[in-house]
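Have a look at the structure below before the remarks.
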Amino acid sequence: MFNNNKILVVIPARGGSKGIPRKNIRLLNHNPLISYPINIAKSSEYVDDIVVTTDDSEIALLSEKFGASVIMRSEELSGDDVPLDPVVYDAMVKKEKQTFDEYDLVVTLQPTSPLLEPSTLDAAIEKFEDFAIDSVLSVVDDRHLSWGYDEKNERYFPNYIERKNRQYLPKDFRETGALLITRRNFVHEDSRLGTNLDLIEVSRQESVDIDNFEDWWIAENYLQKKKVAIVVNAYDEIGTGHVHRCLSIASKLVFHDVLFLMDEQHQLGIDIVDSYNYPFEIYDGEDDLIKILRKHSPQIVVNDIMDTSREYMTQLKEDGYFVVNFEDIGVGSEVADVVFDALYEHDMGEKNVFTGYKYYILDDEFYFQPQKVITPQVENVLIAFGGTDPNNFTETVIDSILATSYDGRINVILGLGYDGLERLIDKYESNQSVQIYRNVSDISEFMFKADLIFTSAGRSMYEVCSLGVPTICLCQDERELTHVFANETNGFINMGLCADVEKQEIIDQFIGLVNDYELRLEMNQKMLSVDLKDGFENIWAVIREEYRKFELKGQKHENIQ
């Protein structure tokens, strides 16, 4: 049908907008608003001609630059109270005179609906394959519990019979104004609607109608929304910190679509992500991971899987993704667009690598805890060696503390990956001072209430530092020895590799710290002098800048917010 029909798109764009002055030429996500309906029409499979009807020379100039023809409307058709019907009719008649032809369908697209998809426009046009259809309008399902007002009796009344959750209410469509398509013979000065109407339902995103600055802000965030794929795992050897960092990142990407990709061999990470209700897919090997990424076609791929290979990273770059890696000191890091490493504070001499504590992302719960006030007495000790504690430092430290005269509380937090929970419970169940917890959801509260903490030199050192709790660090392995943040300058006592530390050394260090109020106060002040609250903002600022460079290289023609 459509090869034999001429289709005209009319875009009305006055210069005298009131809600947002000069909105049609303002830049929305780096492009003038008037460019959006023009590009939508140009992307259609069926549109023949595009005309912008305006009273403004600047709008006319921009419209022509973006590929539309222009009809300058008269002053009589440019007032605030003039409806669209005579404006569209005027543009249609003048365009037909220019082309010496008559159109079959006339489409009205409005600049105030910049999020309409070209595929939606084409789907609306295709409805006219049914010759009984005269007009098609765009609508959005706007069902909700609403109320009316009876002015005569001065009372409110419900517009529903039964109160139900929104998803169970009957559909209630609201016009979006994004598009209206009518057969040529129904376009008049006082109407653009035929006798037989059909509706095309659009998404919430496509239904955004820019009338004020709030609408503008919503539209801009939609336009800047990205698909972000996060590849991350958790298992005994690497712990759960990687997953929790990525969950913290995901919680802040509220304007973006996030998908987690998890290795099917590592159930621990899958269970954690699943408990947070984020969407995820499971992959079986690197080839399967690449296939899933291609299926979803994200703009950004985040890898929090530690050391990457050059082959894997090269494939991601060949597929056109912007790649962000965390804690990657493998050869693949050279290929990534950005690498963040809060744990390894060293200069690798690579321009794409950003290291140091300012790129650490605190879990949300730590933003709302007050700073620790140091008291002369140590009455609460916390032992927390991460999600797995593969060397069982937990038991070593408990035994060391119990060998002293300390008679306060000992809270022990074990992660999901800790092996030996039952044995630990059996060993200490008769000791009322030892309280064992597993996989707590409010670890910041335990840390804040503690007067002294034992932990490893992993991510927990940043968490305790943000609160200012005196801490003794014991490194799990050689890799943790390179996590230099846990040092005296930042308020920590770092005893090095725990395997090299004798039990008596732990006892002596513990007793010394318990009895030295001034030292604990000094450690507290050093910790609180370190600003750890802006990690995500620092990371996202780098990503925005590097993505801009990536964009300018021509790999992606998008912006990021």
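The values are calculated or read from the model by the stated rules, or taken from the named source; none is laboratory data. This structure is a prediction, so every number in the text was calculated from the model and none was measured. When we count neighbours, we look across all protein chains shown, and the Cβ atoms used for this are built from the backbone with ideal geometry, even at glycine.
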Checking the condition outside the structural domain of Asp319 (by TED's automatic domain parsing) and in a helix (DSSP H, G or I), which residue from Ile218, Ile272, Ile200, Ile210 passes? Ile218
Looking at (1) surrounded by fewer than 19 Cβ atoms within 10 Å (Cβ to Cβ); (2) in contact (Cβ under 8 Å) with a residue 60 or more places away in the chain; (3) farther than 30 Å from Gly417 by Cβ, find the lone condition where Trp147 falls short. (2)
Residues in the stretch 409-421: is at least one in a strand (DSSP E or B), touching a residue at least 40 places away in the same chain (Cβ under 8 Å) and crowded, with 18+ Cβ neighbours inside 10 Å? no
Can you pull out every residue in the stretch 457-499 that is at pLDDT 90 or above and among the charged types (D, E, K, R)? Glu463, Glu488
Got at least one residue in the stretch 76-98 being of a type outside the set (A, V, I, L, M), more than 22 Å from Pro21 (Cβ to Cβ) and assigned to a loop (DSSP other than H, G, I, E, B)? no
Considering each residue of the stretch 45-75, count those that are touching a residue at least 40 places away in the same chain (Cβ under 8 Å) and assigned to a loop (DSSP other than H, G, I, E, B), and give that number. 7
Could you check, for the stretch 324-344, whether at least one of its residues is in a loop (DSSP other than H, G, I, E, B), over 19 Å from the mean Cα position of the chain (by Cα) and over 30 Å from Ala486 (Cα atoms)? no
Looking at the stretch 248-258, can you tell me whether even one residue there is under 20 Å from Ile361 (Cβ atoms), surrounded by fewer than 22 Cβ atoms within 10 Å (Cβ to Cβ) and hydroxyl-bearing (Ser, Thr, Tyr)? yes
